[in-house]
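Below is one structure, written out as structure tokens; the observations come after it.
The values are calculated or read from the model by the stated rules, or taken from the named source; none is laboratory data. None of the values given here were measured: they were computed from a predicted structure. So basically every Cβ, Gly included, is an ideal-geometry build from the backbone, and we count neighbours across all protein chains shown. Each accessible area value is taken on the protein alone, full model and side chains, heavy atoms only, with ligands, DNA and RNA left out. Shrake-Rupley method; radii C 1.70, N 1.55, O 1.52, S 1.80 Å.
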Amino acid sequence: MNYRATRAEISTKALQHNLDWIRQHIDAGRLLGIVKADGYGHGVGLVCEAIDTRVDAFGVGFTDEALALRDAYPQSDKTVLILEGCQTDNELALCAQHNFSTVVHSLHQLERLERARLPRPLEVWLKIDTGMHRLGIELSDTGRFITRLKATGNVAKVVLMSHLANADTGMPLNHYQRQQFEKIKQQHPGFEVSLHNSAATLNPQLRGQIGADEWVRAGLLMYGVNPSTLTDIQPALLPAMSLKAPVIAIHDLKKGDSVGYGSAWIAQQDTRIATVAIGYADGYPRQCVNGTPTALRGEIAPLVGRVSMDMITIDITHIPAATIGDDVELWGQQVDVREVADCANTISWHLLTGTSVRVPRVSV
């Protein structure tokens, strides 16, 4: 039981709706549901159960997350891809035991895989650096890596992948990265491949025809947030998380009164404010500026004063019916998480994944 009513409401129907929308826009492509960072902050068990029948595999960041997924959602043995790959022999053994696939993005990972003694061979996704320069082997090494992977008895299947640096924008690097990946596909035909993430499926520079041998990595889009600056498809999506907190106090201020730490906001007129039980320890960003929107009784109530560890204050002068116990939405169905992110000079990925563990996730 939680006595504090602050919570993140997670809509399973929204997750399913968004995946159905993605399916309609990826032709014959296969779907990798990205559930790293505890399902983008939504709760990995809850998310996996909701999307299990709509994705072909799950994707997580590292081995601990893959194990946490199995613990949170033991009903499914669907393949889980470890995007950072394995760093130890023990992790490779866990992959064989739990039906995990692993990314290989470096020579040391390849050599470790070649030396391993595994009870069964693994599916390996070979990550190729086409221009992001974060993870991945050199383009010129692709053939050599494929040959060595196929030669070891520890590999059952190889998928070729790369990652885009600017899929959410129209930057010219997109053209270069796609061209490089297309060359790899032509030089090494017959492999399943993966280049498209959420933003790439919306980007006219990158969209193209998605074939049955291509994997689309569905991340932010699956959670109901448009990751792209190139197209406005937000009305077609349903935000899966609604972050809510109750009003716990109401105060009437006189003109000239200040609110909160540092007296960072001063009333320019007589003002009624509400104190809301959420703060930066819950994942609501401390850097949110005055005027950041929240929603109360169907009205926008702007943030006033600094965000505290456990509380914020909002202007409710124009909402006379507001009372103690009312729910305030910080982001979700009424308040676009992208707008809150802009007010905090950050990104929506940061807000969703940063929602604190002390905020209960409630399935609705």
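Here are a few things to note about the model shown:
- Segment 301-358: proportion of alpha-carbon pairs further apart than 19 angstrom, %: 37 percent
- Reachable aspartates and glutamates, given that their alpha-carbon falls under 19 Å from the alpha-carbon of Lys255 and they are not under 8 places away in the same chain: Asp270, Asp315
- The Ala93 and Lys157 beta-carbon pair, evaluated with R₀ = 25 Å, returns a calculated FRET efficiency of approximately 0.85.
- If you take all other residues with their beta carbon under 12 Å from the beta carbon of Ala301, and give Lys and Arg +1 and Asp and Glu -1, the sum is -3.
- Net charge of Cβ neighbours under 14 Å - reference Arg144; Lys, Arg +1; Asp, Glu -1: -2
- Mean Cα-pair separation over length for segment 1-153, i.e. relative contact order, pairs under 8 Å, 6 or more apart, %: 14 percent
- Put Cys95, Cys343 in order of accessible area, highest first, and with a 1.4 Å probe you get Cys343, Cys95.
- Contour excess over end-to-end distance, with Cα ends at Glu182 and Asn345 and 0.36 nm allotted per residue: 55.1 nm
- Charged neighbours of Leu94, selected by a Cβ distance under 15 Å, balance to -4 (K, R count +1; D, E count -1).
- Unsatisfied cross-links (Cα-Cα over 28 Å) in the set Lys127/Lys244; Lys36/Lys127; Lys78/Lys127: Lys127/Lys244
- Gyration tensor (alpha-carbon) shape descriptor, the chain, a/c threshold 1.5: prolate
- Think of it as helices only: each DSSP H run of n ≥ 4 in the chain is worth -39500 (n - 2.57), and spread over all residues that comes to -7500 deg cm²/dmol at 222 nm.
- If you model segment 43-117 as an ellipsoid using its alpha carbon gyration tensor, with each semi-axis the square root of five times an eigenvalue, the axes come out at 24, 11, 10 Å, biggest first.
- In this structure, Ser363 and Lys255 have a Cβ-Cβ separation that, at R0 = 35 Å, corresponds to a calculated FRET efficiency of about 0.20.
- Cleavage-rule hits, GluC sites (Glu not before Pro), segment 174-245, DSSP coil, Cβ neighbours within 10 Å at most 13: none
- Site pair Gln269 and Thr323 shows an inter-label distance of 2.6 nm when each label is modelled 7 Å from Cα along Cα→Cβ.
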